[in-house]
Amino acid sequence: MINRAFLPAMLIAGLVVPAAGCVDSRSQAHAVYVLVDTSGTYVSEAGKARPVINYLLGTLQSGDSLAIARVKSRSFSEKDIVARVTFDSRPSQANAQKRAFRDQVGSFLQMVHGSAYTDITGGLIQGAEFLNETGAGKKTILIFSDMEEDLDKVTVREFPISLKNIRVVAVNVTKLNADNIDPRRYLGRLEVWRKRVLAAGAFEWKVINDLERLDTIFAKS
Amino acid sequence: MTDLNSWMIWPDNTVLSVLVVLLVAMIVLYAARVPMHGLIRSTGHALAGPLRLGARWLVAVAEDMKRRNRAVLLAQGRRETGQRVEREFERISTLVTRDLQGYPNLQRKLLEQITHVEEDFQKCGEVMPPPPDWVEAVAAVAQIKTGGGEVVQKILVEIRDSIERIHDKAVAEYRRAYQTRHGILEGFLPYWRSLDKTIRQVDQKMADMQDRAAAVDVHMEKYQQILAGTDEAQATLTNSSFTQFTISIIVLWIALGGALINFKLIALPMSEMVGAGDYLTASLRTADVAALVIILLEASMGLFLMESLRVTHLFPRISNLNDHTRRRMIWISLALLVTLAGIEAALALMRDILIADKQALLQSLASTPAALPGEGWIARIPTVGQMILGFILPFALAFVAIPLESFIHSARTLFGVLAVDFVYAVGMALRLLGSLVRLASRALLHLYDLLIVLPLMAEQMVKSLRNREPRVKARPLETTDKYVSPF
């Protein structure tokens, strides 16, 4: 990256330096919102979010934002955000923030309890709200879930949502017992979510089940 | 389909329709032959004329550029050769001051040594005085007959003893004299060696002087050629410029590599100072530009230092400064350069700390713990190396001023030559295009006549028939050629 930056920097240094600050730095930042499903069918898988979060901590740079939230019976709430951080512009401070964030997430994953219902839509709306507030140029929502939404009778989520310019990545989408009987249920569930997310204006929809290939999370499809 | 056939006079008979249309077209073209020829010629002329004019103008421009290039090249060569001659004279002056100033002492020393050697030589030449005349007396005594007399016998024994004593004494004297001469000869040797050494020194100095004089001769000859503005001098200077250009490009590339390493050393720690998340453009971080500005500042300080030292002459104002101000400028630029080098060394250290911190974080984030780096002095080698590199590179970059100056001067010559060649090539292309247009217009005239060949043949026949009747004057076929002259 430095090598690539060197020659343009040489050319631009003389021209752009006087106009420093004319580009919005936030537009270059990356914001990631990680939703961890804590419903009864998925709570045992929640621990698998740790390596992904660690990968994100190792990948995200100064100025980037990261938030971890849980998906429970009703997830459209600020209280469901377990940890959030915007990394300091100084790399040394950013490293300290990352350590603190790692510890915070570690405690959460150790004490996570299963919820009765699964409100993925609420989590997505909350995530979109958080990401839009950060003003980052690149916005990503990672969902650790089986993608089986299960709402109580009073919770209303049947309305169009907005995920404009957000990349949505479903990670570690586990198969339910019923999916094993009829795989069309699993595939159909993913297809429904794909359509819904893209209809909401999402930039991209991606499913990654192989946690060994975390680098594909941010790779363009 | 209807539209396509609309031109046909008899839609049912295509052949007849085509023939009639061709005939009508031929007649119309024949009737319009003279104005059409004129139009084609004037169009060709209108196109070819400016092209040829442009070609001539470009050739004139190229000649002018060539003249200016030559003047600049010769002026540059004159200045450089003048400086070289000046420097050679300075060296000769130093030689003369250093060596020939002490020449009287050297000469005195030489004369003293020679005198000493001569004196010693004369001393060596001194021989023992010849033996006394008593040898003859001894011979006379030897002839005396003893006659058995005891007294005479005794006298003779006495004489013999006396002679033997005198002989021993003379031989001892003789040996002592030779010993003294050998001693003198032994003392002779250091003087001789010293003399030899002194003469060698003189010889060496004279040879140096001759070499310098020969170099001055070569430079003076070159200078004279440049002054005379000979083609040979121009060719030599052009070749020299090309060589200089190539060498300076290579050195500048090497320097660019050094600058890149320097950039890598300080870009990361600069983000700690100006922030890693600030961007000037979509892909250009402020920290990168800040690091580059530091490097450019170092290069600038190096440039000023070299200018102040009069190593380079890119800024005449600096080299024309009085010695006091210039010396002050040398110290200021050197101090700034040292400060920047110190900052770079500190940044290099900070880079190492940041990388170590990042590594530690990544290791703590990794599911499987990675091996820790070794402790002790071996682990500190990269840190120390980076710091040394950070301190040295600014000074190394300072010397970029020299190839940069060479590059600028030689690039003027190179690009001048290339520009002249380019203008010549464009001029040639325009000239070629003009000729092509002219030839094309002529070809078009013939093509036009080919299309109306039948009416022309008929005209020819009519003319030949009319030629039999003397009163009737036929219109010549080449009439149009007389109205509009070709080019």
State the number of residues belonging to the stretch B:239-279 that are more than 10 Å from every other protein chain (Cβ to nearest Cβ) and over 28 Å from A:Ala29 (Cα atoms). 19
Does any residue of the stretch B:245-267 turn out to be in contact with a strand residue (DSSP E or B) (Cβ under 9 Å, 6 or more places away or on another chain), closer than 30 Å to B:Ile294 by Cα and touching a residue at least 12 places away in the same chain (Cβ under 8 Å)? yes
Yes/no for B:Phe304 being among the aromatic types (Phe, Trp, Tyr), away from chain A (no Cβ under 14 Å), over 30 Å from A:Ser62 (Cβ atoms) and surrounded by fewer than 20 Cβ atoms within 10 Å (Cβ to Cβ): no
Taking the stretch A:42-65, which residues are of a type outside the set (A, V, I, L, M, F, W, C), out of contact with any helix residue (DSSP H, G or I) (no Cβ under 9 Å at 6 or more places or on another chain) and open to solvent by 10 Å² or more (accessible area, probe 1.4 Å)? A:Ser44, A:Glu45, A:Lys48
Return a yes/no flag: does the stretch B:154-177 have any residue that is in a helix (DSSP H, G or I) and within 30 Å of B:Glu88 (Cβ to Cβ). no
Filtering the stretch A:192-218 down to residues that are in a strand (DSSP E or B) and in contact with a Leu (Cβ under 7 Å, 6 or more places away or on another chain) yields A:Trp205, A:Val207
Unique match (being crowded, with 18+ Cβ neighbours inside 10 Å, within 11 Å of chain B (Cβ to nearest Cβ) and touching an Asp or Glu at 6+ places or on another chain (Cβ under 9 Å)) among A:Ala96, A:Ala29: A:Ala29
With A:Gly122, A:Gly127 as the choices, which residue is surrounded by 15 or more Cβ atoms within 10 Å (Cβ to Cβ), under 17 Å from the mean Cα position of the chain (by Cα) and within 29 Å of B:Leu362 (Cα to Cα)? A:Gly127
Of these, A:Ser89, A:Ser75, which one is in a loop (DSSP other than H, G, I, E, B), surrounded by 18 or more Cβ atoms within 10 Å (Cβ to Cβ), modelled with pLDDT under 90 and more than 12 Å from every other protein chain (Cβ to nearest Cβ)? A:Ser75
With within 14 Å of another protein chain (Cβ to nearest Cβ), surrounded by fewer than 15 Cβ atoms within 10 Å (Cβ to Cβ) and of a type outside the set (S, T, N, Q) as the only criterion, which of B:Ala282, B:Ala290, B:Ala299 stands out? B:Ala282
Determine whether the stretch A:51-67 contains at least one residue that is out of contact with any strand residue (DSSP E or B) (no Cβ under 9 Å at 6 or more places or on another chain), over 30 Å from B:Leu265 (Cβ atoms) and either at pLDDT 85 or above or at the interface with another protein chain (Cβ under 10 Å from one of its Cβ atoms) (or both). yes
A:Glu149 fails exactly one of the following numbered conditions: (1) within 21 Å of A:Ala116 (Cβ to Cβ); (2) of a type in the set (D, E, K, R); (3) surrounded by fewer than 16 Cβ atoms within 10 Å (Cβ to Cβ). What is the number of that condition? (3)
Which condition breaks for B:His313 when tested against (1) in a loop (DSSP other than H, G, I, E, B); (2) within 13 Å of chain A (Cβ to nearest Cβ)? (2)
Restricting attention to the stretch B:11-27, report how many residues are part of a helix (DSSP H, G or I) and loosely packed, with under 12 Cβ neighbours inside 10 Å. 3
Search the stretch A:173-191 for residues being in a helix (DSSP H, G or I) and in contact (Cβ under 8 Å) with a residue 40 or more places away in the chain, and hand back the single one that is nearest to A:His30 (Cα to Cα). A:Leu190
The condition from (1) in contact with a helix residue (DSSP H, G or I) (Cβ under 9 Å, 6 or more places away or on another chain); (2) at pLDDT 90 or above; (3) not small (Gly, Ala, Ser) that B:Phe415 misses is numbered (1)
If you go through the stretch B:43-59 one residue at a time, do you hit one that is part of a helix (DSSP H, G or I), out of contact with any Cys (no Cβ under 9 Å at 6 or more places or on another chain) and within 24 Å of B:Arg212 (Cα to Cα)? no
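The values are calculated or read from the model by the stated rules, or taken from the named source; none is laboratory data. Computed from a predicted structure; not experimentally measured. Reconstructed Cβ throughout: ideal geometry from the backbone, glycine too, with neighbour counts over all protein chains shown. Side chains are part of the model used for accessible areas, which takes the heavy atoms of the whole protein and leaves out ligands, DNA and RNA. Shrake-Rupley method; radii C 1.70, N 1.55, O 1.52, S 1.80 Å.
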